[in-house]
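The values are calculated or read from the model by the stated rules, or taken from the named source; none is laboratory data. Keep in mind it's a predicted model, so treat the numbers as computed, not measured. Using ideal geometry, Cβ is built from the backbone for each residue, glycine included, and neighbour counts are taken over all protein chains shown.
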Amino acid sequence: MKGEKKLKTAFELYEIALNLCKQNILEQNPGITDKELKKMVFKRFGYDTGRSSGKSNR
């Protein structure tokens, strides 16, 4: 498989994982805002949500 195809496949798999994550969070928290959803997705993917504000979760 060529590098371009591998990269395209990786992006597609990431999008699938992201959408599944969002759906799961929304099923468990039906009334959350878009901002809360984004924060929960970041947390679930292991991103440090406090990094840009100078606060770290670590």
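Structure notes:
One line per residue, one yes/no per condition, for (1) modelled with pLDDT of 95 or more; (2) β-branched (Val, Ile, Thr):
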position	(1), (2)
PHE11	yes, no
GLU15	yes, no
LEU20	yes, no
GLU27	yes, no
THR33	yes, yes
GLU36	yes, no
ARG44	no, no
TYR47	no, no
SER53	no, no
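- Pairs meeting the criteria (first residue in the range 10-28 and touching a residue at least 60 places away in the same chain (Cβ under 8 Å) and closer than 12 Å to ARG44 by Cβ, second residue surrounded by 10 or more Cβ atoms within 10 Å (Cβ to Cβ) and polar (S, T, N, Q), beta carbons under 8 Å, at least 6 apart or on different chains) are lacking.
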